[in-house]
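Asker: So that we are looking at the same thing, I have put the structure below in structure tokens.
Where a number appears in this text, it was derived from the coordinates with a stated rule and is not lab data. Remember, it's a predicted structure, so these values are computed and weren't measured experimentally. Every residue, glycine as well, gets a Cβ built from its backbone with ideal geometry; the counts of neighbours run over all protein chains shown.
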Amino acid sequence: SSGINAEWPLRPGELMNVIMPQIKKLAMEKNFTIQEVDLRWGVTKEEASSNKVILRCLEEVSRCHYFLCILGDRYGTTFDSYPLSPNAEFSWLQNEQPGLSMTEIEVTHALFYSDS
């Protein structure tokens with residue numbers, strides 16, 4: 001999703017190195033396993049240059065049994081169009097107005113359209 005900026009209250013690496021281990025520990029106490037996926041860094045240059053960012057991120061969201069979204073105060077990168085090849089699972093996006101951010105697309109998919 002959108003990148004961390006100067007207003008982000010955590011130091012670089014603190015979320016993954018301090019906060020996530022605490023969340024994982026709490027989850028483990030409840031017999032849950034958490035695997036974090038940082039969608040900002042999971043997209044290859046090739047996918048970005050071939051308009052596959054949305055597809056790649058939504059595929060990752062669809063793989064989740066539970067989706068935990070940690071939001072900052074930025075809306076993030078927005079899209080003028082949603083270049084997806086025909087895909088029944090993500091067809092809902094074709095009916096959305098242009099201008100959604102990647103974060104909003106990911107959260108909307110997780111909440112309303114993912115099977116998990």
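Asker: Can you compute the modelled spin-label distance between GLU96 and THR44, with each label point 7 Å from Cα toward Cβ, in nm?
Answerer: 2.5 nm
Asker: Determine ³J(HN,Hα), in whole Hz, for all residues of the range 27-38 in sequence, where each value follows from phi through the Karplus function 6.51 cos²θ - 1.76 cosθ + 1.60 and θ = phi - 60°; x replaces Gly and Pro.
Answerer: Couplings: 5, 4, 5, 9, 6, 10, 10, 10, 10, 6, 10, 8 Hz.
Asker: Can you compute the radius of gyration and Dmax for the range 11-116, using only the Cα atoms, both in Å?
Answerer: Values for the range 11-116 (Cα only, Rg and Dmax): 15.0, 44 Å.
Asker: I need to check one value: relative contact order of the range 52-116, counting alpha carbon pairs closer than 8 Å and at least 6 residues apart, in percent. Let's see the in-between values first.
Answerer: Working: 56 pairs, mean separation 31.2, N = 65.
RCO, the range 52-116: 48 percent.
Asker: Here is a further query. At GLU14 and THR33, where each label point lies 7 Å from the Cα along Cα→Cβ, what is the point-to-point distance in nanometres?
Answerer: 3.1 nm
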